[in-house]
Amino acid sequence: MPHSSHRHTISKEEINVLPLKSYTGSIRVIDSDAKMRVAARALRNEKVLGFDTETRPAFKAGESYPPSLVQLAGSGSVYIFQLRHITSYGSLAAILADKHVLKAGVAVRDDLKNLGAMVSFKPAGFVELADMSSKLGIKNAGVRGLAAFLFGFRISKRAKISRWDAPELTKEQIAYAATDAWICREIYFALTEKSGML
């Protein structure tokens, strides 16, 4: 069950005993320019997308990597763009620059800064879920905390530290990446409803 309305936070201990949930719908891994163009056509018709990126973790001082994946969750599918397999980012950049398609995520500023070093686009239509939750007095700002607080389940973070730049993604990586984008879209709608904007 979601958290009662008089409370504004959920603790790590409370989150850890909640049931696990992951996205079980259609997932499309986009690993070519041709697939990206098809995906972009479908995504242009969406009003709200869940947005996230995944980057190979760095463990040494001064070490950093560009984003490996961009995930966009629509109403019927989650699209996972494997950036290493795409040579021209034009169709993806057009979605990221489209002010008519809302893209909701957590810590989007960092994601956009890192993406901007790889893909040339002027970001538009992005919504920061941490700002939305903060305005409602919710203390949890991360994806995991917001999912637990709003929906009463937890999402796995097990695959977070993994080789996102691998030529082929594992089933666990695909499920993790899709879940993150899907839950961002769900969180957006839940927070919008709480704000009385729907």
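For the reader, a short list of remarks on this structure follows.
- Some residue of region 9-19 being in a strand (DSSP E or B) and either surrounded by 19 or more Cβ atoms within 10 Å (Cβ to Cβ) or of a type in the set (Val, Ile, Thr) (or both): no
- Filter result for the condition that a residue is in contact with a strand residue (DSSP E or B) (Cβ under 7 Å, 6 or more places away or on another chain) and among the polar types (S, T, N, Q), over SER120, SER162, SER156: SER156
- Positions within region 20-51 being part of a strand (DSSP E or B) and either in contact with a helix residue (DSSP H, G or I) (Cβ under 9 Å, 6 or more places away or on another chain) or among the hydroxyl-bearing types (Ser, Thr, Tyr) (or both), in sequence order: SER26, ILE27, ARG28, VAL29, ILE30, VAL48, LEU49, GLY50, PHE51
- Candidates ILE15, ILE10, ILE30 - the one that is over 15 Å from the mean Cα position of the chain (by Cα), within 21 Å of PRO167 (Cα to Cα) and among the aliphatic types (A, V, I, L, M): ILE30
Just so you know, all these numbers are worked out from the coordinates, no wet-lab data involved. Small disclaimer: the values here were computed from a predicted structure and weren't measured. In this analysis, Cβ positions are derived from the backbone assuming ideal geometry, glycine residues included, and neighbour counts consider all displayed protein chains.
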